[in-house]
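Below: one structure, written as structure tokens.
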């Protein structure tokens, strides 16, 4: 695992040096675009349509499109200035109960590991949070963006989950087609609740896996090993060998028939060729 | 001329048979199936292959399948003559192989969908030596010894009994047979040689009716088409136009077709390729009805020559 951020976790008067590691990873298969006839991976070039030239990194700046086709340009320095002279800090603000946060707020999860002398205070914070059953609400600046985050215990470690700001969570008021003024019947509710109880089970995420990825992977594996893979069931390939064999067999059969007819003929008496055909028909 | 692959500079018009009839045994002729496909001369030198068609066109990039030839021929250089075919319902189909002929080079999906087979019948050059003057039978022996087996490359078998072969080919609804004189040299075309004779069988196929053409408001012919994708995955239902036919249809039949078409007509032409004539008017129909058509051969433009309706395939009109 490679750390993606280094800073400190501030908790009251205590500063705990920590490193941050990604807690999750996407396992979606990545496909590259190739040129069909030669299978060469496509290159992506940054090209300016006005100057008709490929653009080197030094000539690229960031622009904000404040209205269609109108840009203001911000330099890296200006953008960094807006981020502020932030310390690399995870600053704990409040301790709350996890039930108070709806999962819809959670964005990305990271593991926190103590860095250098941070071992002891790290353990202390972890133990205290475990015993109180509380989690910490914090602010954190990763790269340029300042986020809300929670710091909590996960298995034996501290974890950090960044959160969306309240104004980033869209309102449910805009959701269409919600029934209004409809009452739920008591009897139906009882039945629905029974159904839920019947299906209630402990959370076992291991039961679920990405079957689409599994299928793609086994397909790729087969191709790599040189087996033929067909996506859709297709009728069996017609083979010219079958045709050739059929022709051979058919010719042989005709020949035998004729030989037999000629033999029969010879047993009787020598006869003109024309009569052979009649003899063959018998 | 460069020293490297200098053989590829050669241009040879393949030998052509003249129309003929089956000859009696003992006349010095041997018989082969006449494959209905695309005539290809395959040149091999230094492990590379060069393909040339009847009209001397370079077709190397169209049929990458034949790049395997140097591995199959025992000899450091060679020229093979043969026919490139593709199958539809187990039989050689000119219409099917033309899909490959017209495709852009390197279409991998089409290579899989329409595999081609090279049916080799003559050896013109082997190990830096021309064999054109060799008696055909001797040359055949050399070809037999030189070419190994491959799934997509086959040696054309030779038969002694032309009548039996013609009957077999007829039963299998194939194009015909070729008689070759066993002691003859190979004489490049385009003049038809008397050493080779072709005996053709009237061919038939099932075609879709895609429309009716009218002259002075009277129905005069049916417009025929075939679906191009013989794998059945063509969902557009579009037809390639293969010709109009009136032969085999009486006035009464055309009237029946007209009435049927009025009930089943479509605003849009079902054909992908159809050049309308200003002297005709047309009524389009959805391609659901098929007819059996006999014809003498395919034209280079992939139209039927001398088409004639024999029957309606499914039910009547």
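Listed values, structure above:
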{"item": "Between 0 and 90°, nearest 10: helix A:211-224 axis offset from chain A longest Cα axis", "result": "50"}
{"item": "Average Cα contact separation per residue, region A:29-76, under 8 Å, 6 or more apart, as relative contact order %", "result": "19"}
{"item": "Sorted peptide list for A:178-188, B:296-306, A:58-68, criterion being average Cβ within 10 angstrom, highest first", "result": "B:296-306, A:58-68, A:178-188"}
{"item": "FRET efficiency, 1/(1 + (r/R0)^6) with R0 60 Å, evaluated for residue A:91 and residue B:104 via beta carbons", "result": "0.45"}
{"item": "Volume of the Cα convex hull of chain A, divided per residue and given in Å³", "result": "458"}
{"item": "Square roots of five times the Cα gyration tensor eigenvalues for the protein assembly as shown, Å", "result": "75, 35, 28"}
{"item": "Exposure proxy ranking, count of Cβ atoms within 10 Å, fewest first, for A:173, A:213", "result": "A:173, A:213"}
{"item": "Calculated [θ] (222 nm, deg cm²/dmol) that DSSP helices of n ≥ 4 give over the protein assembly as shown, each run adding -39,500 (n - 2.57)", "result": "-7500 deg cm²/dmol"}
{"item": "Proxy reagent accessibility, fewest Cβ within 10 Å first, across B:138, A:30", "result": "A:30, B:138"}
{"item": "Using alpha carbons only: equivalent-ellipsoid semi-axes of chain B, gyration tensor based, whole Å", "result": "41, 23, 16"}
{"item": "Fraction of the pair-distance distribution of region A:1-160 above 24 Å, Cα-Cα pairs, percent", "result": "54"}
{"item": "Where a label projected 7 Å from the Cα of residue B:194 along Cα→Cβ would reach, residues of region B:149-182 with amide N under 18 Å", "result": "B:179-182"}
{"item": "Paramagnetic reach from residue B:282 (point 7 Å along Cα→Cβ, amide N under 11 Å) across region B:206-223", "result": "B:210-214, B:223"}
{"item": "Packing-based exposure ordering (other Cβ within 10 Å, fewest first) of B:85, B:177, B:187", "result": "B:187, B:85, B:177"}
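Bear in mind these aren't lab numbers, they're just calculated from the coordinates by the rules spelled out. Predicted model only: the values in this text are computed from it and were never measured. Positions of Cβ are generated from backbone atoms using ideal geometry, with glycine treated the same way; all protein chains shown enter the neighbour counts.
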